[in-house]
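A short reminder: the numbers here are calculations on the coordinates, not readings from a lab. Everything quoted here is computed from the prediction, not taken from an experiment. When we count neighbours, we look across all protein chains shown, and the Cβ atoms used for this are built from the backbone with ideal geometry, even at glycine.
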Amino acid sequence: MAATGISESPAEATPRTTPAALELRGATKEFRLRRSRTVTALASVDLAVGNGEFVALLGPSGCGKSTVLRMLAGLDTPTRGEVLVNGGAPAELVRGHRLGIAFQEHALLPWATAYDNVALPFRVAGRPVDADRVNALLSLVGLEGFTDARPRQLSGGMRQRVAIARALVLQPEVLLLDEPFGALDAVTRRRMNFELARIWADQQITTLLVTHDVDEAVLLADRVVVLTGRPGTVRHVEDITLPRPRDKALTRDAEFHDIVDRLTALLDEGAE
Amino acid sequence: MNRARTTVLTVAGTLLLLAAMEGVGRLGVLGESWPPLTQVVAALDDPITRDLLGRALAATATAAGTGFVAGTLVALVVAVVGALLPPLQPGLDRLAAVVNAVPLIALGPLLITTVGREGTPAVIAALAAGFAVFVAATSGLGAAGAAHRDVFRALGSSRRATLLRLQLPAAVPLLIDGLALAAPAAVLGAVVGEWFGAPRGLGVLLVSSMQNFQTDLMWAAALSAAVISLTAYAALAGLRVAAARRFV
Ligand SMILES: Nc1ncnc2c1ncn2[C@@H]1O[C@H](COP(=O)(O)OP(=O)(O)OP(=O)(O)O)[C@@H](O)[C@H]1O
Ligand SMILES: [Mg+2]
């Protein structure tokens, strides 16, 4: 991947040359509802995210995007097929505290301040809290004045930003983000998008981002994977070869809009 | 505003209850065994009675307090062991249920021979309080939400770290509810324990004054037990208000 840093099209060079960091092989997930009634959330999904690659996952609500992330985090296991992280079980990455994850429902500890919530991964890992790092991340997400605030004193979007800071604080090797910017206004959302792009470029964190915002997906990702409605299957994979670093100007670019329109159309059909 | 209303209602209710006690006593509708409240209080003018009651009160409060603290500590340790070693959990739950199912009074003879008459009140208080705390602690340690447990699992948290940083803080509100129930239970346990021949205490005073038809003294002892019980409960209820602000 080192060679891809200056390449104009990292997506083409990255995924196949190195073993996938994250991989789903024919992963099917069924949930048991009541006796003998099951719902198939995902049907034989194949998906590979290369080392240091940024992949965005699009799909209609309920198609299993969160389920994909949960399986990669080792919180769920596939009914059939395989889910691999660095070629092995997801548990290993988790055990080394090298996974950063931001859940759809932020899940901050209500009794802890914003600072303590962001510092939590250090404490859980049994490492001394790096206060500078915690404060730097809090100001990165625009919350420097709220270090002592409890979650219920924060707005929904502010809580999401605390959760993102918590996911990043240990400089994870793999980052799983489940609609991390869903509750943000358009301006803050774009600003956070560019911050995330910068962090990703700096540290080459393997990232899988679930989002409903097609612009965001195209802006950030090396590849965009579109899932069909339930049961979720891979409908389309789009390599995004737009040059990096991508900035605001790109959102006015014709090619950018082309891709966004095409993916939006695919989502539309997928939802039927 | 709401707070003020609650306070007013509490005070009004208490006064009404005391007035009713006084009234029933004055009218003598329930016979001589129900004296007016003023007469019970007047009995305390006698320094000997006051001294007697004071020593009994101190003994019962000490036994109840010791039992409360010991019972709470043991219950917490057992609940934490259950949380750290899940296979033990069902067994511990059943053990606690069995201990609780045995009427405390039936343990008297057993305790007299093992811990002696002096130790029995504190031990019964500990059993009564410990069960309430154990039940509260076990459900409290399981009270953390699924989303929070997922966060800890994904962070690679050890069982110990999860207990310390998630389960214990999440258990605080339920735990304090449990303590608020355990405190009156400890007082009752201590009084019952004193019936098995303890040298002093409100329980002893209750029995002896009953047998000697010292109605005023008997009521003074009963009211003293109620006052300890209510004071302990009120203190813990205050703690709960503080905790609700901090932990929810
Ligand atoms: N624990 C569970 N038990 C039963 N069914 C579940 C469970 N978790 C998810 N499902 C089902 O699996 C399907 C996929 O859920 P998932 O949360 O992965 O969707 P999603 O793509 O993340 O949706 P959204 O975009 O709305 O967040 C849904 O139909 C849901 O009802
Ligand atoms: Mg979801």
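In plain terms, the residue of B:Tyr233, A:Tyr115 with the fewest other Cβ atoms within 10 Å comes first and the most crowded comes last, giving B:Tyr233, A:Tyr115.
Placing a label point 7 Å from the Cα of A:Arg95 along the Cα-to-Cβ line, the residues of segment B:140-171 whose backbone N sits under 16 Å from it are B:153-160. By other beta-carbon atoms within 10 Å, ranking A:Val234, A:Val187 with the fewest at the front produces A:Val187, A:Val234. At 25 °C and 0.890 mPa s, what whole-number value in µm²/s does Stokes-Einstein give for the translational diffusion of segment B:107-207, with Rh from the Kirkwood sum over Cα pairs? My calculation gives 159 µm²/s for D.
Estimated translational diffusion coefficient (Stokes-Einstein, Kirkwood radius over Cα pairs, 20 °C, 1.002 mPa s) of the protein assembly as shown: 78 µm² per second.
Solvent-free Debye calculation, one equal scatterer per alpha-carbon of segment B:35-247: log10 I(q)/I(0) at 0.10, 0.17 Å⁻¹ equals -0.52, -1.10. What average number of partner chain Cβ atoms lie no more than 10 Å from the Cβ of the residues making up B:141-154? Per residue, the number of nearby Cβ atoms from other chains is 5 on average.
When the trypsin sites (Lys or Arg not before Pro) in segment A:30-112 are filtered for DSSP coil states and for at most 11 other beta-carbon atoms within 10 Å of their beta-carbon, the remaining sites are A:Arg34, A:Arg35, A:Arg37. Rg and Dmax, both from the Cα atoms of segment A:111-171 and both in Å, are 10.3, 30. Taking the centroid of alpha carbons for each part, segment B:212-248 and segment B:120-190 are 22 Å apart. What the Kirkwood sum gives for chain A is a hydrodynamic radius of 19.1 Å, with every pair of different alpha carbons counted. Compute the FRET efficiency between B:Ala237 and B:Arg160 as 1/(1 + (r/R0)^6), taking r as their Cβ-Cβ distance and R0 = 56 Å, and round to the nearest 0.05. About 0.95, to the nearest 0.05.
Summarising the amide proton neighbourhood of A:Arg235: residues at separation of 5 or more, or on other chains, whose placed amide H is nearer than 5 Å comprise A:Val226, A:Leu227, A:Thr228. Its Cα gyration tensor gives segment A:98-256 an equivalent ellipsoid. The semi-axes, each the square root of 5 times an eigenvalue, are 28, 17, 16 Å from largest down. Both numbers refer to the Cα atoms of segment A:48-100; Rg and Dmax are 11.6, 33 Å. Rounded to the nearest Hz, the phi-derived 3J(HN,Hα) couplings of segment B:198-209 under the Karplus curve 6.51 cos²θ - 1.76 cosθ + 1.60 (θ = phi - 60°) are 5, x, 8, x, 5, x, 4, 4, 4, 5, 5, 5, where x marks glycine and proline. Our coupling estimate for segment B:149-163, obtained by passing each phi through the Karplus curve with A = 6.51, B = -1.76, C = 1.60 and θ = phi - 60°, is 4, 4, 4, 5, 4, 5, 7, x, 6, 6, 4, 5, 5, 5, 4 Hz, Gly and Pro reported as x. Couplings for segment B:185-194, taken from phi via the Karplus curve 6.51 cos²θ - 1.76 cosθ + 1.60 with θ = phi - 60°, read 4, 5, 5, 4, x, 5, 4, 4, x, 6 Hz in order; Gly and Pro are left as x. Shielding of peptide A:70-78 by partners, expressed as the average count of other chain Cβ atoms within 10 Å per residue Cβ, is 2.
Sorted on the mean count of surrounding Cβ atoms within 10 Å across their residues, most packed first, peptides A:128-139, B:52-63 read B:52-63, A:128-139. Taking amide H as placed 1.01 Å from N in the peptide plane, A:Val210 has its amide H under 5 Å from the amide H of A:Leu57, A:Leu177, A:Asp178, A:Glu179, each at least 5 places away in sequence or on another chain. Other residues lying with their Cβ under 12 Å from the Cβ of A:Leu170 contribute a combined charge of +3, Lys and Arg counting +1, Asp and Glu -1.
Neighbours of B:Pro173, meaning other residues whose beta-carbon lies under 11 angstrom from its beta-carbon, give a summed charge of +2 when Lys and Arg score +1 and Asp and Glu score -1.
When shorter helices are ignored and each DSSP H run of at least 4 residues is given -39500 (n - 2.57), the per-residue value for the protein assembly as shown at 222 nm works out to -18500 deg cm²/dmol. Around the amide H of A:Val45, modelled in the peptide plane, lie the amide H atoms of A:Gly26, A:Ala27, A:Thr28, all under 5 Å away and 5 or more residues distant in sequence or on another chain. Normalising the Debye intensity of segment A:128-206 to I(0), with uniform scatterers on Cα atoms only, and taking log10 at q = 0.18, 0.23 Å⁻¹ returns -0.74, -1.22. Neighbour counting of Cβ atoms within 10 Å sorts the residues A:Phe54, A:Phe181, fewest neighbours leading, into A:Phe181, A:Phe54. Averaging the Cα positions of each part gives two centres, and for segment B:62-114 and segment A:17-80 these lie 46 Å apart. Peptide A:110-123 has a mean of 3 when you count, residue by residue, the C-beta atoms of other protein chains within 10 Å of its C-beta.
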